[in-house]
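*Asks:* The structure under discussion is supplied below as structure tokens; questions concerning it will follow.
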Amino acid sequence: MSICPRCGKQRVIVSSVTEVVSKSEITYTKTVCPNPECQKVVESNLKNDERKRAVFKEEQERRSLQRLAEKKAI
């Protein structure tokens with residue numbers, strides 16, 4: 001079982017899906033914090049982190065394209 005990263009309580013299984021991929025069985029399990037208010041905060045933090053990663057990725061791609069353009073100009 002997993003533990004909530006925010007409050008430390010043991011998380012509860014909400015759903016579980018099993019899938020067969022190349023003769024291997026993979027199980028995806030969704031867990032949530034038993035405290036609904038805590039889970040809302042965790043989800044909000046995850047969304048913020050995802051946005052930050054997207055911004056960093058865009059900046060990295062922009063810098064990479066900029067470097068390529070500078071190399072071609074030389």
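Just so it is clear, none of the values below were taken in a lab; they were calculated from the coordinates. Just so you know, these numbers come straight off a predicted model, no measurement behind them.
*Asks:* How high is the relative contact order of the chain? Use alpha-carbon pairs under 8 Å, at least six apart in sequence, and give a whole percent. Before the final figure, lay out each step's value.
*Replies:* Details: 56 pairs, mean separation 16.0, N = 74.
Relative contact order here is 22 percent.
*Asks:* What lysines does residue 30 reach when the alpha-carbon gap must be under 30 Å and sequence neighbours fewer than 8 apart in one chain are set aside?
*Replies:* Here the lysines satisfying the reach criterion relative to residue 30 are 9, 40, 47, 52, 57.
*Asks:* To continue, here is another question. For the chain, find the longest principal axis of its Cα atoms and tell me its angle to the long axis of helix 36-73, 0 to 90°, nearest 10.
*Replies:* 20 degrees
*Asks:* Please report, to one decimal in angstroms, the Kirkwood hydrodynamic radius of the chain built from all distinct Cα-Cα pairs. Please list the in-between numbers first.
*Replies:* Details: mean 1/r = 0.0627 Å⁻¹.
This gives a value of 15.9 Å.
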